[in-house]
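Novice: Here it is, the structure in full.
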Amino acid sequence: MFEIAAAVRLRKEIEGEWLLGLAGLFSVLLGIAILVLVLPNPVATILSAAWLIAIYAFATGIALVIQAFRLKSRA
């Protein structure tokens with residue numbers, strides 16, 4: 001939620017703030033997905049939760065690296 005709030009507050013200061021908001025959205029979706037998968041059957045979904053965390057890390061990493069390159073080129 002803080003990443004989404006930061007994206008909203010920084011929208012006039014930086015370009016591509018939507019990438020920061022996208023990373024925040026990935027975080028929120030991961031939290032919801034983990035709750036939906038793990039709470040009903042924790043033993044069977046440990047591997048699924050691990051895959052979700054890996055996909056989240058990959059997607060968020062890409063979004064934040066793109067944002068970093070955009071900010072670096074601005075400086």
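Please treat every number below as a calculation from the coordinates, not as lab data. Everything numeric here is computed off the predicted structure, so don't read it as measured data. Cβ: placed from backbone, ideal geometry, glycine included. Neighbour counts: every protein chain shown.
Novice: How about the stretch 32-64: which of its residues are exposed (fewer than 13 other Cβ atoms within 10 Å of the Cβ) and within 12 Å of the chain's Cα centre (by Cα)?
Specialist: Across the stretch 32-64, the qualifying residues are Ala54, Ala57, Phe58, Gly61.
Novice: Which of the residues spanning the stretch 4-37 are free of Cβ contacts under 8 Å to residues at least 12 places away in the same chain and farther than 30 Å from Lys72 by Cβ?
Specialist: Ile32, Leu35, Val36
Novice: What number of residues in the stretch 1-30 are β-branched (Val, Ile, Thr) and within 16 Å of Thr60 (Cα to Cα)?
Specialist: Result for the stretch 1-30: 2.
Novice: Right, here's the next one. Going through the stretch 2-31 one residue at a time, which ones are surrounded by 10 or more Cβ atoms within 10 Å (Cβ to Cβ), out of contact with any Leu (no Cβ under 9 Å at 6 or more places or on another chain) and not in a helix (DSSP H, G or I)?
Specialist: Arg11 - this is the single residue of the stretch 2-31 that is surrounded by 10 or more Cβ atoms within 10 Å (Cβ to Cβ), out of contact with any Leu (no Cβ under 9 Å at 6 or more places or on another chain) and not in a helix (DSSP H, G or I).
Novice: Test each condition in (1) of a type outside the set (A, V, I, L, M); (2) assigned to a helix (DSSP H, G or I); (3) without any contact (Cβ under 8 Å) to a residue 40 or more places away in the chain for Pro40 and report the one that comes out false.
Specialist: With respect to (1) of a type outside the set (A, V, I, L, M); (2) assigned to a helix (DSSP H, G or I); (3) without any contact (Cβ under 8 Å) to a residue 40 or more places away in the chain, Pro40 is out only on (2).
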